[in-house]
1. Within region A:267-291, track down each residue that is at the interface with chain B (Cβ under 10 Å from one of its Cβ atoms) and more than 26 Å from residue B:112 (Cβ to Cβ).
2. Among the listed residues B:90, B:18, which satisfies the condition of being more than 14 Å from chain A (Cβ to nearest Cβ), in contact with a helix residue (DSSP H, G or I) (Cβ under 7 Å, 6 or more places away or on another chain) and of a type in the set (Val, Ile, Thr)?
3. Go through (1) without any contact (Cβ under 8 Å) to a residue 40 or more places away in the chain; (2) of a type in the set (Val, Ile, Thr); (3) surrounded by fewer than 16 Cβ atoms within 10 Å (Cβ to Cβ) one by one and return the number of the condition residue A:272 breaks.
4. If you take the residues of region B:125-150 that are crowded, with 22+ Cβ neighbours inside 10 Å and among the small types (Gly, Ala, Ser), which of them is nearest to the other protein chains (Cβ to nearest Cβ)?
5. Name the residue, out of A:184, A:215, A:233, that is more than 26 Å from residue A:100 (Cβ to Cβ) and either at pLDDT 90 or above or surrounded by fewer than 21 Cβ atoms within 10 Å (Cβ to Cβ) (or both).
6. State the number of residues belonging to region B:21-43 that are more than 14 Å from chain A (Cβ to nearest Cβ), of a type outside the set (Ser, Thr, Tyr), closer than 22 Å to residue B:128 by Cβ and part of a helix (DSSP H, G or I).
7. Taking the conditions exactly as written (away from chain A (no Cβ under 14 Å) and acidic (Asp, Glu)), does residue B:6 satisfy them or not?
8. All but one of (1) over 30 Å from residue B:97 (Cα atoms); (2) crowded, with 21+ Cβ neighbours inside 10 Å; (3) free of Cβ contacts under 8 Å to residues at least 60 places away in the same chain hold for residue A:251; which doesn't?
Amino acid sequence: MFIVFSILSHWLIVLALSPLFAGIIAKIKAFFAGKKGPSYFQLYFDLRRLFMKNCVYSRSTTWVFRFAPIVNLAAVLVLSLIIPLGSFKAPVHFSGDILLAAYVLGLARFFMIIAALDTSSSFEGMGASREAFFSCLSEMVLFMNFITLAFLTHSISLSTMIGADIPMSWKMAGTVLLLVVGSLFIVLLTENSRIPVDDPDTHLELTMIHEVMLLDHSGVDLGFMLYASAIKLFIFAGILVPIVYPVQTGIPLLDTLIFLGGMLGLSIVIGVVESTMARLRLNRVRNLLLIAFALAFFGFVVKMWKG
Amino acid sequence: MTTWVDTSCIITVFLALIILSNYRVTAMIRIFALQSFVLSLLPFFLHAYSLSGRDIFIVIVTMVLKAALAPSILFWAIRHVSMRSEIKPILGFGSSIILGVILIAGAFWVSSSLKLPGGKPASDLILPCSLSTVLLGFMIMVTRTRAVTQVLGYLILENGIFLFAVSLFDVMPVLIEMGILLDIFVAVFIMAIVVNHINEEFEKDLASVSRSKMGETF
């Protein structure tokens, strides 16, 4: 009974707040550009509009293309059950669930890529190949960070790695965690196609990665894809916030508020980073990811040195 | 205060790594200035509870020489030769980073069997981090072809040695430290002049021979 309640409340938070998270980032970016910007709730309106529409399918696509948005949304929803929000344990947690988390992410990405290839549009194929390249680098960085966190907290379950044991680790190895946070932030920007890597606002530019793969989706399918990417951003932020800001009071309501405050802070940081940085040239994104890897590996070496 | 010492050591190595992966000379010099600034604050962190006049003196002198004067001389040098970007490193940026990471791991591995004479240093990260910075600076010197970037590599190497010297701060008389700082200063000064001349020779050469051929790469 408790687990059902926990799953439902977890999903409620993730589903209800993830579009708002993206909305806050968009608002911050509009503020920096000197514009009024769309409402905080713009993504909710967009999703509602899309969910009321029918889908249009190109004749060159197969069932893979129709299947991908559903798999995508389902995969992120499953992923959200493994990720602890704030100081709470995730509804599903067992030893080794970091592997499941990484591969569920991989599954979502795989279906997104083959759906893009399935449309047989050369433009989408280009985006797909870039996504595959960058994500295989960022997955390496993600695993390196997970390894460091696992050594720090002596567990390989996300719920104890980034939820419960982090406050202790800051006292023991704050410098290592500093490196991990920096590296995870770059992973967050890459995985969610934010600015130094990809521009989420442009729709028809040669350098874009994520948006180009959504070009052929329409109606409900597009809604699923947009929702899935908003949830993915929320989940990555949810991994980062408890590491940066590990305050635990023990009172559930207060902990939730602290977590949401941290999320608000992180969305502002992402907005500021996106507004003040220029997008990197495509062949330099690799260097950015290698630096993130160097950060993660350096953190690992320092951790091993400290013992 | 050990946390602060640890953090500045790690930032030093990290900034050296960033310089290694950078492709703009101006950005490299700025990051070098930041690295020197972080390093110059180290005596404060080491003697946080018993600050002496000597500490403050060293901090101020290091800051002025390493974080202000050396970068501005380098800026002056590159303005004179109007050279803005590193053109052809011997090693690509991606492989530079990977090799740098391996060097860092090697430095940590080596320093696990090194024992410092005298007392225990304030933080056990100082020795491996100074070794890593020295190695990274050395690598920048070896793999970059331009004279300015080689000078930068030398300065980063010096920063690593400074980090090492800081750990022996208490046994070291102030005169030796001043000697080191002056050495660096003179070296930068001379090298800036050398760089200037060398690049002027290059400029003449390019202008007369293959300006059009080089056109796009600048």
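The values are calculated or read from the model by the stated rules, or taken from the named source; none is laboratory data. Just so it is clear, the model here is predicted, and its values are computed rather than measured. Virtual Cβ from ideal backbone geometry, glycine too; neighbours counted across all protein chains shown.
1. Residues of region A:267-291 at the interface with chain B (Cβ under 10 Å from one of its Cβ atoms): A:283-284, A:286-291.
A:283, A:284, A:286, A:287, A:288, A:289, listed by residue number.
2. Details: B:18 fails: more than 14 Å from chain A (Cβ to nearest Cβ).
From the options B:90, B:18, the qualifying one is B:90.
3. (1)
4. Ranking the candidates gives B:132 first.
5. Of A:184, A:215, A:233, the one residue that is more than 26 Å from residue A:100 (Cβ to Cβ) and either at pLDDT 90 or above or surrounded by fewer than 21 Cβ atoms within 10 Å (Cβ to Cβ) (or both) is A:215.
6. 7
7. So residue B:6 does not fit the description; no.
8. The single condition residue A:251 does not satisfy is (2).
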